[in-house]
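Accompanying notes for the structure given below.
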Amino acid sequence: MSRLPIFKIIFGSIVFTWEKRAQLFQGLWLPALLGLCLTLYESLWAGFGSGLDLKSGGGNPAEIFIWLGLLFAATVIVSTRSYQILLAKSQDGKFRFPISWGLSETKFTLGMFGITFMFIIVLSIVSSVLMLFAQQIEGIGALGMLMFLPSIYLAGRFMLVFPAVCSNDDLRLFDAFKWSWMTTRRNGAAMLFLCIVLPVSIAWGIDWIGSVSGSTVLSIVSGILVWMSLPFEIAFIALSYTTLERMSKTELAG
């Protein structure tokens, strides 16, 4: 398997998303608006002595559960639709309803839970091993961050599960995991950077600017930018998916 052209995918994803901007807006405006309202709920109401107060653990647990559930659902819908639009599946009338949940969204959610479960298992194993040597190795605390690398690498290898299940309703989830693992061989580091490090850094940077400013206006703007940047971040994975799929077919044909 050839190496992924990282910089071509980054710049190509920006162009790709811009070219699909009309379809993306048509298919995503309502779930994105819902997600934005949920994201900004705490900051908007904090000044009035209300809100979920998630950071300090306050608020009604049932209310927090409901709002987080709605935020999760909005994220899944936006992500799934973004993949379908970017992968040229937006012409089949699938987006007639402002909010919809189907087979693709269900498999997408199961995939998220599956990757999260594997992440936690690997993280637990690696952290347990580090703890065994904590007393013998001086400065083990500084190396503690390394325990996240195997889990993040694993997540990167399985990240193509999401565009695969969104673009093919007949593909079984287990087969999508298997295909993603096999297709990303020799490109694990590239997938780690493109699909996890880069998107998370972008979202974290935008959110950090809004949080440190202390301004409600900048907090609102940062919340808007996070949701607006989501299709761009998904485009990194979508273009990686199409590139690796094409490479795989070329090698099989050769």
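Overview of results
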{"read-out": "Ordering of 19-32, 226-239, 148-161, 203-216 by burial proxy (mean other Cβ atoms within 10 Å per residue, highest first)", "value": "226-239, 148-161, 19-32, 203-216"}
{"read-out": "Simple spin-label estimate for residue 11 and residue 97 in nanometres, 7 Å along Cα-Cβ", "value": "4.2 nm"}
{"read-out": "Net charge over other residues, Cβ less than 15 angstrom from the Cβ of residue 189 (K, R count +1; D, E count -1)", "value": "+4"}
{"read-out": "Accessible surface of residue 122 - all protein chains present, 1.4 Å probe, nearest 10 Å²", "value": "40 Å²"}
{"read-out": "Ratio Rg/Rh [Cα only; Rh per Kirkwood] for the range 202-254", "value": "1.36"}
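The values are calculated or read from the model by the stated rules, or taken from the named source; none is laboratory data. Note that this is a predicted model, so its numbers are computed, not measured. Reconstructed Cβ throughout: ideal geometry from the backbone, glycine too, with neighbour counts over all protein chains shown. Quick note on the areas: whole protein, heavy atoms, side chains included, nothing else; ligands and nucleic acids left out. Shrake-Rupley method; radii C 1.70, N 1.55, O 1.52, S 1.80 Å.
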